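Novice: Sharing a structure here in structure tokens format.
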Amino acid sequence: MSTQRLLLAGGTGLIGRALLDNLLLTDWVGHILLPVRQPQQWCAAYPQLAADKRVQVLTYDELFASQQPVDLMFCALGTTQAKAGKTGLRQVDYQLVVDCAVWAKQQGAELVSVVSALGANRRSPFFYNRVKGDMEQALEQMDLSRLQIWQPSLLLGERDEFRLAEHLSGWILRLPLFGNVQALAGERIARAMIAAVASVSGLGSETEPESGPESSVMRYRVRDIKRLARA
């Protein structure tokens, strides 16, 4: 089985941390580029991960200035308007995502798997959903070989910062009767993303969203995530 060289953008967040942990459990990951804002602090906080020779920790500036072959890109970048303001949210959830995808494509990446959001729509009355819609459109226009877009609802799990509205809503929306609006743990989303990438890369059993294949672009929602996380 061939080993894969990965870019993991947003590897310090809820889904990103779960992606990193689960990717290191596979037998097909050979190298992970992990850009973070403060590499020294991250390495001090996670010494076991930092000591893993498959993980290369660097800043985003160092990443963009480098030339390194990449097969796949996972992206779980995201912030909130409350934390970063509108300008900061767009910088992270749109611009940084697109910049990472452009860099990965230039390095040879044939697949990009990115976390978006349920309700992503460029014409949405909600700023957050408009940003996610803009990001999705920008990636689609890049003519990537394969693009997987993940559209979960609310996320469950431990974060570095406490989000009260998300915490309260999550207790209600975790019930399965809410269908594609059901809140899911970041861990389940990470497992589903890895299963889907492994499938199309010839590293696992074949999977596709309930809606069926959409040429080079595939969108996965809550029901897809639940099914794939069990695979």
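The values are calculated or read from the model by the stated rules, or taken from the named source; none is laboratory data. Keep in mind the model is a prediction, meaning the values are calculated, not measured. A quick note on method: Cβ atoms are made from the backbone with ideal geometry, for glycine too, and the neighbour counts reach across all protein chains shown. Accessible surface areas use protein heavy atoms only, side chains included; no ligands, DNA or RNA. Shrake-Rupley method; radii C 1.70, N 1.55, O 1.52, S 1.80 Å.
Novice: Based on the Cβ-Cβ distance of V217 and D21, what FRET efficiency does E = 1/(1 + (r/R0)^6) give at R0 = 30 Å, to the nearest 0.05?
Specialist: Efficiency at R0 = 30 Å is approximately 0.65.
Novice: Next question. Go through the stretch 188-200 residue by residue and turn each phi into a ³J(HN,Hα) via Karplus (6.51, -1.76, 1.60, θ = phi - 60°); whole Hz please, and just put x for glycine and proline.
Specialist: Once rounded to whole Hz, the list reads 5, 5, 4, 5, 5, 4, 5, 4, 5, 5, 4, 5, 6.
Novice: Of S199, S145, which has the most accessible area and how do the rest follow, probe 1.4 Å? Kindly include the intermediate steps, with their values, before the conclusion.
Specialist: Working: S199 15, S145 75 Å².
Descending order: S145, S199.
Novice: Hey, another quick one. Could you please report the charge total around D61, scoring K, R as +1 and D, E as -1 over all other residues with beta-carbon less than 14 angstrom from its beta-carbon?
Specialist: With Lys, Arg at +1 and Asp, Glu at -1, the net is -1.
Novice: Sticking with this structure for a sec: Of the listed peptides 108-120, 60-72, 5-17, 32-44, what is their order by residue-averaged count of other C-beta atoms within 10 Å, with the highest listed first?
Specialist: The peptides rank, most packed first, as 5-17, 108-120, 32-44, 60-72.
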